[in-house]
1. Being buried (at least 18 other Cβ atoms within 10 Å of the Cβ), within 10 Å of chain A (Cβ to nearest Cβ), within 30 Å of B:L353 (Cα to Cα) and among the small types (G, A, S), is that true of even one residue in the range B:70-81?
2. Can you find a residue in the range B:167-175 that is part of a helix (DSSP H, G or I) and in contact with a Pro (Cβ under 8 Å, 6 or more places away or on another chain)?
3. Residues of the range B:92-136 being more than 9 Å from chain A (Cβ to nearest Cβ), hydroxyl-bearing (S, T, Y) and in contact (Cβ under 8 Å) with a residue 12 or more places away in the chain, which ones?
4. Could you tell me which numbered condition A:Y81 fails, if it satisfies all but one of (1) assigned to a helix (DSSP H, G or I); (2) over 24 Å from B:T374 (Cα atoms); (3) facing chain B (nearest Cβ under 10 Å)?
5. Can you tell me which residues in the range A:58-75 are within 16 Å of ligand 3 (Cβ to nearest atom), modelled with pLDDT of 75 or more and either under 13 Å from B:V271 (Cβ atoms) or among the hydroxyl-bearing types (S, T, Y) (or both)?
6. Can you pull out the residues in the range B:143-155 that are more than 15 Å from B:Q207 (Cβ to Cβ) and touching a residue at least 12 places away in the same chain (Cβ under 8 Å)?
7. Would you check which residues across the range B:1-54 are closer than 23 Å to B:S112 by Cβ, more than 21 Å from the chain's Cα centre (by Cα) and polar (S, T, N, Q) and list them?
8. What strands (runs of 3 or more DSSP E) completely inside the range B:244-286 contain at least 1 residues that are more than 8 Å from chain A (Cβ to nearest Cβ) and not aliphatic (A, V, I, L, M)?
Amino acid sequence: MADSGAPKPSSSVKLVLLGEAAVGKSSLVLRFVNNDFQENKEPTIGAAFLTQKCNLPTRTIKFEIWDTAGQERFASLAPMYYRNAQAALVVYDLTKPTSLIKAKHWVAELQRQASPGIVIALVGNKLDLTNDSAGGDGEGAGGGDGEDARKVTTEEAKSYAEEEGLLFFETSAKTGYNVTEVFTAIANAIPETSLKTARGPGASSAAARTEEQRVNLNGPRDPNAKEGCAC
Amino acid sequence: MESLADTLWDVVICGTGLQQSLLALALSRSDKKVLHIDPNDFYGDAEAAFSLQEVESWVEKVQTGKEGLFRAASVEKLEGDTGLSFPRAYSLALAPQLIHARSTLLSQLVSSRAYRQVEFLAVGSFSIFKPSSDPSQSPTLVRIPSTREDVFSTTAISAKAKRGLMKFLKFVLDYESTPQAEAWQPHTDAPLTEFLLKEFKMDKELQTYIVTLTLSLDGGINTRDGLAVIHRHLSSMGLYGPGFAALYPKWGGLSEIAQVSCRAGAVGGAVYMLGTGVKAMNDQEDPIVLELTSGDTIKTRKVVRANESATDESGINRLVAVVSSPLKSLFQSTVEGAPTPAVAVVAFPAGSLSTAAGEASQSPVYLSVHSSDTGECPANQSVLYFTTISKPASQDLLQEALDSFLAAVAGDTVPQCLYQLQYKQLRSSAQSQASGSIFDFAPPRPALAFDDSTLQSVHDAWKMVLGDDAIEEEYLTFADREGAMDDDEVYD
Ligand SMILES: Cc1cc2nc3c(=O)[nH]c(=O)nc-3n(C[C@H](O)[C@H](O)[C@H](O)COP(=O)(O)OP(=O)(O)OC[C@H]3O[C@@H](n4cnc5c(N)ncnc54)[C@H](O)[C@@H]3O)c2cc1C
Ligand SMILES: Nc1nc2c(ncn2[C@@H]2O[C@H](COP(=O)(O)OP(=O)(O)OP(=O)(O)O)[C@@H](O)[C@H]2O)c(=O)[nH]1
Ligand SMILES: [Mg+2]
């Protein structure tokens, strides 16, 4: 599994994306996983599942990403996704104040229902549509000069995030600004103890213990098993 | 987005129990329009797993008679600050079934790629509870040797018994070939114990070891079924790694498989609604018209539901207890390279327990001990699931089993029971069946190990829903979805 010389411990982290429809959840994932962006991305139906690895200096984190549908009408899926999730990315659209209200609902819901140690990041997306130089430079086509579409101030969202103990970022899935930083920050914020470990050498002792337990259904079957499989 | 009423659904699946959820998984790559609803506000039906909060609202529902096949539910907590963690630190399973390595369920989870979302843990030792003859001594647990290596090394049985056991294990591994079959077929419907006595001269104790491996709730399993189950056990040994024959899905057993299957259904585009049931159905029309409890009236070509009617009062009693000890001694791996087990099984043979009133147990009591590695309780605690066939004294006997078990595993201190849930789950003799465009799943059987025959009805339901579009080779056989692969791309 490890492709570099020195094998690092590798852990998987279940991450769920939540937020109102069209705030850019899938676009953030697409940027993170494929470094790509689509101008007219179709709404997610049901949910999507993707994986991506993130290399930290001391370990590799494999994100198992559940991208939910903001349009989901019956809110019946969400609990399945955030159950046992170690991290959540709650996304709003910087140009749409109602999406921050929805995001706050989600944060409250996660604090009520999700795993206690869950790491939550609040992410204001579509920074390229604002006048903020960091995100808007170069490709800020939609925003453009002088025309600032920002409707949620950094201060407002940031102070809310601080109160609730959330990681906070403003991103642009379109330009890629800050996207990898969000995932890296989450990877760093996951407490070592809550890491379940995927197979791989060099795991730390706490993690190695978990590794000992996981049964790999796809692994080499023991040829000496008492009977050859008949099927 | 189209509204519910404007869509002509290909199938409405009611209930999110294991069978319905596996059906959703099976349909997840078809282009059928699937609406999956459940009157409960949780996933999993009779296979759900609950936080302590959810346990309490479930118990209330059972008490008002609104929970299908469940009866007589109650919760008991130690008063005061007991070391019980907060409610969401627990996930108590209504269906803590073991899954044998050779179960078709596992191969279907692999071929459908759903296994990638499930973490499987090893089921470790099977032990027998032995009451002490001297009341001043503690009862003990004796591990059942179930592989040849085990039999060689055990000190629990005599050399003569070892030879008998060895001979039997060898027999079972090949029990379907001619010479063996000729030996057991005359006994096919007789109790397995009788066969063991007659053909292998096994004493009561060895018979008990063998019957325990069958996990037969009434202890009276017949020779044919008994041999089949033991064969499954032995041939499962080592299949996915050394030292274990069965697996357990982390976070609540079959509940997790149901949820993973529903997720796959959702990824495939099915629409999910919890807290919504069917209020009325008109199946004289084509398509069928359903009135939902949400107030929506919808049209669908097919309906798949669960039959939840009890046919009689027989069933099981279960006691689920959270205890204040990690019970480490039960979770040692005995074979080199084996994963640390997270589940251990203990059998209390018939007659090994008695109520305060002096009534002895007539059927075995089984106990599945789950370590915190199952995600069902916090570290340094364990969850105990006791099961026995329903009899008038069952509740008392389960309490007795709990106390005796805690005495048997006591070190310097006896572990404390912090929380307990009791209930009765009725059995139903109803069969799964299709009639016209409606399919009814039989209720799940409250067994100790997952029974593959459940999978047949999922397959039947799938065929009914797809009709001529059903391609047998593609049943639950899917490629990984794009992006979901376990690839080696590393993002720096
Ligand atoms: C368990 C849970 C799951 C959720 N899942 C989603 C989701 O998948 N997508 C999403 O956008 N928001 C979801 N939400 C957030 C929820 O939609 C907001 O809390 C709510 O829409 C905010 O509306 P309100 O409080 O102003 O008024 P409300 O009266 O709560 O609702 C206003 C409108 O939103 C609809 N609505 C209410 N609750 C939900 C809901 N849970 N899901 C969808 N529509 C709803 C109502 O039918 C109504 O038309 C979820 C909330 C919970 C608790
Ligand atoms: N300008 C700009 N547009 C974006 C950005 N991120 C997403 N979009 C656009 O916003 C629209 C919605 O993006 P999605 O990624 O589909 O949003 P989503 O949150 O996944 O939506 P649902 O799946 O419906 O919940 C698409 O047209 C994207 O191209 C961004 O950072 N900047
Ligand atoms: Mg999306």
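The values are calculated or read from the model by the stated rules, or taken from the named source; none is laboratory data. In this text the structure is predicted, and so the values were computed from the model without any measurement. No Cβ is skipped: glycine too gets one built from the backbone with ideal geometry, and neighbour counts run over all protein chains shown.
1. Residues of the range B:70-81 buried (at least 18 other Cβ atoms within 10 Å of the Cβ): B:70-71, B:73.
Then drop every residue that is not within 10 Å of chain A (Cβ to nearest Cβ), which leaves none.
No, because not a single residue in the range B:70-81 is buried (at least 18 other Cβ atoms within 10 Å of the Cβ), within 10 Å of chain A (Cβ to nearest Cβ), within 30 Å of B:L353 (Cα to Cα) and among the small types (G, A, S).
2. First, pick out the residues of the range B:167-175 that are part of a helix (DSSP H, G or I): B:167-173.
Then drop every residue that is not in contact with a Pro (Cβ under 8 Å, 6 or more places away or on another chain), which leaves none.
No, the range B:167-175 contains no residue that is part of a helix (DSSP H, G or I) and in contact with a Pro (Cβ under 8 Å, 6 or more places away or on another chain).
3. First pass over the range B:92-136, keeping only residues more than 9 Å from chain A (Cβ to nearest Cβ): B:92-100, B:103, B:105, B:108, B:111-114, B:123-136.
Within this subset, residues satisfying the condition of being hydroxyl-bearing (S, T, Y) are B:103, B:111-112, B:125, B:127, B:132-133, B:136.
Scanning the range B:92-136 gives B:S103, B:S111, B:S112, B:S125, B:S127.
4. (2)
5. Here is the first cut: in the range A:58-75, the residues within 16 Å of ligand 3 (Cβ to nearest atom) are A:65-73, A:75.
Checking which are modelled with pLDDT of 75 or more leaves us with A:65-70.
Residues satisfying the conditions are A:T68, A:A69.
6. As a first pass, look at the range B:143-155 and keep what is more than 15 Å from B:Q207 (Cβ to Cβ): B:143, B:147-155.
B:R143, B:T147, B:R148, B:E149, B:D150, B:V151, listed by residue number.
7. Result: B:S28, B:S30.
8. On the way: elements: B:246-249, B:271-274, B:278-282.
Qualifying strands (runs of 3 or more DSSP E): B:246-249, B:278-282.
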